[in-house]
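Below: one structure, written as structure tokens.
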Amino acid sequence: MPNLDRITPQRLPDLLRRMPKAELHIHIEGSLEPELIFALAARNGVQIPYASVEELRRAYAFTNLQSFLDIYYAGASVLMKEQDFFDMAWAYLQKAAADNVVRAEIFFDPQTHTARGVSMATVINGLHRACEQAQRELGVSAALILCFLRHLSEEEAFATLEQAMPFLGQFIGVGLDSSEVGHPPEKFARVFARCRELGLHLVAHAGEEGPPAYVWTALDLLKVERIDHGVQSARDPALMRRLAQDRIPLTVCPLSNLKLRVFPRLADHNIGKLLDAGLVATINSDDPAYFGGYMNDNFVQTFAATGLTAPQAYQLAKNSFEASFIDAAVKRKYVDLLDATVAAF
Ligand code: ADE
Ligand code: ZN
């Protein structure tokens, strides 16, 4: 580890911004800014129940996960054409590059679109084209993770997987998102087993609002490699030991947790506790257009509120590469870049 003692608290925000990092928990539909929602609504002739960008932004006062999801799915209803999916992903990738994100593993929710008659090809081709352009023009490595909506049935997840089969080369894994409580991971055990046979990476949202039991079943029944959120794991010491021993990463999203009232104040967030317990915790933005910030906003605001330190900043960036689904040689290259950036800081 480079020498971090010389970095004063005043310089910490600058270090956080400059560090190369991986973003592993970003829903691309959650990067749709109100301005782009209105532009796409006009382009596609889609009606939205808000009179202006300001009125839509004022609706972003959430009380829990479901109150957010209702607005998030309404926002996504303006996406119709391949170019819309490209434009959304390209806008995110430019912001990611500006935040020194060098690797992004991007969730998308195909069922939100196929249910409206938009084809799987339209969704994946638009998103994938933006990922390819990001590598060429921004030097950002980007990959897609297809998420099943857990409030729908496992049968519908299987149908979605079937529709995605022609595009297996264009996404690297599957995840599980949407309304958590009442929809435990085990509901999707068979479809995850099939995805595992197909060689896809596996992740799942668990322990965002739901209990530690959902994290256990995501690990033991779905056999996921990472847990998205997972902050409720801190309520179960045996689970904390399991996550630490097996080096199961948690993709934590502090501003999301604040806006959805998982923690009453950012200062109450348990990211420091997760790091102290030796977990491979990472910081991510979740739905940045809705929760008030992209990667660097999440880092800077969380550090200011919780008092995390320079060594913890380094650990979080290093964890993000360890937790990513890139091969070992590329991981080493990114950690070397991190070390060089910190050494030169
Ligand atoms: N879909 C988009 N953001 C989500 C979140 N934070 N939890 C569950 N599903 C989501
Ligand atoms: Zn999420």
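Here are the numbers for the structure shown:
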{"item": "Verdict on Arg17 being over 30 Å from Lys333 (Cβ atoms), open to solvent by 70 Å² or more (accessible area, probe 1.4 Å) and part of a helix (DSSP H, G or I)", "result": "no"}
{"item": "Check on Leu202, closer than 16 Å to Ala157 by Cβ, touching a Lys or Arg at 6+ places or on another chain (Cβ under 7 Å), open to solvent by less than 10 Å² (accessible area, probe 1.4 Å) and among the hydrophobic types (A, V, I, L, M, F, W, C)", "result": "yes"}
{"item": "Those residues of the stretch 165-176 which are touching a residue at least 40 places away in the same chain (Cβ under 8 Å) and crowded, with 21+ Cβ neighbours inside 10 Å, in sequence order", "result": "Phe171, Gly173, Gly175, Leu176"}
{"item": "Contacts under 8 angstrom Cβ, first residue in the stretch 310-324 being free of Cβ contacts under 8 Å to residues at least 40 places away in the same chain, partner open to solvent by less than 10 Å² (accessible area, probe 1.4 Å) and part of a helix (DSSP H, G or I), 6 or more apart", "result": "Lys318/Leu338"}
{"item": "Candidates Leu127, Leu69 - the one that is open to solvent by less than 20 Å² (accessible area, probe 1.4 Å), in a helix (DSSP H, G or I), within 16 Å of ligand 2 (Cβ to nearest atom) and under 16 Å from Gly30 (Cβ atoms)", "result": "Leu69"}
{"item": "Where Gly45 falls short, out of the listed (1) within 30 Å of Thr282 (Cβ to Cβ); (2) away from ligand 1 (no atom under 13 Å from the Cβ)", "result": "(1)"}
{"item": "Single match in Ser233, Ser256 (criterion: open to solvent by less than 40 Å² (accessible area, probe 1.4 Å), within 15 Å of ligand 2 (Cβ to nearest atom) and under 27 Å from Tyr314 (Cβ atoms))", "result": "Ser256"}
{"item": "Scan of the stretch 130-160 for residues that are under 22 Å from Tyr72 (Cα atoms), open to solvent by 50 Å² or more (accessible area, probe 1.4 Å) and assigned to a helix (DSSP H, G or I), ordered by number", "result": "Glu156"}
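Conditions (1) surrounded by fewer than 21 Cβ atoms within 10 Å (Cβ to Cβ); (2) closer than 23 Å to His128 by Cα; (3) modelled with pLDDT under 95, marked per residue:
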residue: Asn3; (1), (2), (3): yes, no, yes
residue: Gly30; (1), (2), (3): no, yes, no
residue: Pro49; (1), (2), (3): yes, no, yes
residue: Thr63; (1), (2), (3): yes, no, no
residue: Leu93; (1), (2), (3): no, yes, no
residue: Ala98; (1), (2), (3): yes, yes, no
residue: His113; (1), (2), (3): no, yes, no
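The values are calculated or read from the model by the stated rules, or taken from the named source; none is laboratory data. These figures come from a predicted structure and were not determined experimentally. So basically every Cβ, Gly included, is an ideal-geometry build from the backbone, and we count neighbours across all protein chains shown. Keep in mind that these areas ignore ligands, DNA and RNA; they rest on the heavy atoms of the full protein, side chains included. Shrake-Rupley method; radii C 1.70, N 1.55, O 1.52, S 1.80 Å.
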